[in-house]
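The values are calculated or read from the model by the stated rules, or taken from the named source; none is laboratory data. Quantities reported herein were computed from a predicted structural model and do not represent experimental measurements. For neighbour counting, all protein chains shown are included, and Cβ atoms are generated from backbone atoms with ideal geometry for every residue, glycine included.
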Amino acid sequence: MSKFASLRGFKDILPDEIERWRWAESIAHETFATFGFSQIRTPVLETTELFTRSIGEATDIVEKEMYTFQDWDGKMVTLRPEGTAPVVRAYLEHHLGAQTPFWKLYYTGPMFRHERPQAGRLRQFHQIGAEVIGEIDPRQDVELLSLLTRFFERMQVADLTLEINSLGCPVCRPDYRAALQAYFEKYLQELCEDCQRRFKTNPLRILDCKKEGCKAIARNAPSPIDHLCAECREHFKSVREGLDLLAIPYQVEPHLVRGLDYYTKTAFELTTRKLGAQNAVAAGGRYDGLVEALGGPPTPAIGFAIGMERLVQLIDPAQVPASRLPLFLAPLGKAAGAVLFPILLALRRENIRSEMGNANIGLKSQMKRADRLGAEYVLILGEDEMTRGTAILRNMSTKAQEEIPLSTLTETLSAKFS
RNA sequence: GUGGGUGUAGCUCAAGGGUAGAGCACUGGAUUGUGGAUCCAGGGGUUGGGGGUUCGAAACCCCUCAUCCACCCCA
């Protein structure tokens, strides 16, 4: 055990895993651009109030999971626990809404929540998120969901379920909440301890309880969809019709609840059975009230976030394009090393990926190393070749070898490998 | 924050009071200058840390730390 180790819930991402990360990120950049999104990068540190205002004072995130501390000047600051509030903050701070009516933005980066780590849950985790600000049309919900499903399609991640629900709006949610409380009041004694607490703080959460007793009671609870106001009902209907039109499979999940206060109307999750208890790989929804809550004009918006660690676990490593090494230079002895070293740099100047062995160790070891690096060709230069004024180029898969004159070595190699 | 599991070689794991082991990986050799396969050899450990019981502890007890899984919650 080394003296220092990373903090609990904080993980190193090592080279063998990074291939999958980079592949996911590059597909994300491509796909999001295809759908008309621009990237935005916001700081990881923000004023604490940004999150308490947006996420909600009574949520778990704000109550017990934020990395909050006092800065040297006395200001309370927080490592961002999620990406939406900072994006909206930037949108307002830079008056983006005044320039064009609506924005499609995406971001990637680390988020921080002080939770107990478990499978698929870390204290520093990474998200790719997308936000569409300034459009109420249900078609926008559909477009965003089509982006989400398209991305996972390109990642070749299968067996995902898109669950959608409507959480209503400030007009209809209080009604629904009251109806829910009226219903659960009859069974209050039969609910679990947690749900008895939820009854007061957030009755919607009872719908999400995993205990069998509560599940049974919740099964007959009033559905949020039956209590939507006319506008929300129409919106939800249009979203479903749009998904049908695009043949995007989904499941209406009346018990789907979101943990952040700012969500309204459409809410959704992309879930899998392959990740244990933390089964959501992506989630999001509408937040039509957030921009206004943060001091801007009434502005509808919708977004989602993808959990990178969870996504990476679902990626089949075989799908990731392997990075190959075209050429490995194997010099035998000091003189050969002196010849090949400048050639190595010349090749790299031509952007030819190449690697060179240690001239002081045996050919066998160098071959072994070349093989491990996945080299397609090995260039061998020993004493015999030096006197002949040639080098041997070995094809590692066919084992065929050819001699190349030293006088034209650089030209021959750069022509062959560029 | 609560509960349970697990900490032994770089990795995966044996040894359940009596000399710390195997497989894989690594290094070298069989092949004085040719990779993957095979065979042989070698290097590597204060058994997570601390304390206790014992003639003797990797093992039993206590504390602590780490880690995993689950609850909670969420990406």
Self-check item: Unique residue being of a type in the set (D, E, K, R), surrounded by 17 or more Cβ atoms within 10 Å (Cβ to Cβ) and at pLDDT 90 or above when the list is A:Glu25, A:Glu30, A:Glu46
Solution: A:Glu46
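Before we move on, is A:Ala318 modelled with pLDDT under 90, exposed (fewer than 13 other Cβ atoms within 10 Å of the Cβ) and assigned to a helix (DSSP H, G or I)? Please lay out each step first, then the result.
Details: modelled with pLDDT under 90: yes; exposed (fewer than 13 other Cβ atoms within 10 Å of the Cβ): yes; assigned to a helix (DSSP H, G or I): yes.
So A:Ala318 fits the description; yes.
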Quiz item: Restricting to the stretch A:179-195, what's the tally of residues that are over 20 Å from A:Gly168 (Cβ atoms) and surrounded by 15 or more Cβ atoms within 10 Å (Cβ to Cβ)?
Solution: 4
Self-check item: Residues located in the stretch A:61-83, provided they are exposed (fewer than 15 other Cβ atoms within 10 Å of the Cβ) and either within 25 Å of A:Leu311 (Cα to Cα) or within 16 Å of RNA strand B (Cβ to nearest atom) (or both)
Solution: A:Glu63, A:Lys64, A:Phe69
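Tell me, which residue of the stretch A:196-210 that is of a type in the set (D, E, K, R) and within 13 Å of A:Glu185 (Cα to Cα) is surrounded by the most Cβ atoms within 10 Å (Cβ to Cβ)? I'd like the intermediate steps shown before the answer.
Within the stretch A:196-210, the first condition is being of a type in the set (D, E, K, R), and the residues that meet it are A:197-198, A:200, A:205, A:208, A:210.
Adding the requirement that they be within 13 Å of A:Glu185 (Cα to Cα) leaves A:197-198, A:200.
Values: A:Arg197: 13, A:Arg198: 20, A:Lys200: 8.
The residue in question is A:Arg198.
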Practice problem: Among the residues of the stretch A:97-122, write down those that are surrounded by fewer than 20 Cβ atoms within 10 Å (Cβ to Cβ) and charged (D, E, K, R). | Solution: A:Glu115, A:Arg116, A:Arg121
Quiz item: Of the numbered conditions (1) without any contact (Cβ under 8 Å) to a residue 60 or more places away in the chain; (2) within 10 Å of RNA strand B (Cβ to nearest atom); (3) not aliphatic (A, V, I, L, M), A:Pro298 satisfies every one except a single condition; which is it?
Solution: (2)
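Do we find that A:Cys232 is closer than 22 Å to A:Leu260 by Cα and either outside any helix (DSSP H, G or I) or within 11 Å of RNA strand B (Cβ to nearest atom) (or both) in this structure?
On the way: closer than 22 Å to A:Leu260 by Cα: yes; either outside any helix (DSSP H, G or I) or within 11 Å of RNA strand B (Cβ to nearest atom) (or both): no.
For A:Cys232, the condition - closer than 22 Å to A:Leu260 by Cα and either outside any helix (DSSP H, G or I) or within 11 Å of RNA strand B (Cβ to nearest atom) (or both) - is not met.
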Quiz item: Any residue at all in the stretch A:298-313 that is of a type in the set (D, E, K, R) and touching a strand residue (DSSP E or B) at 6+ places or on another chain (Cβ under 6 Å)?
Solution: yes
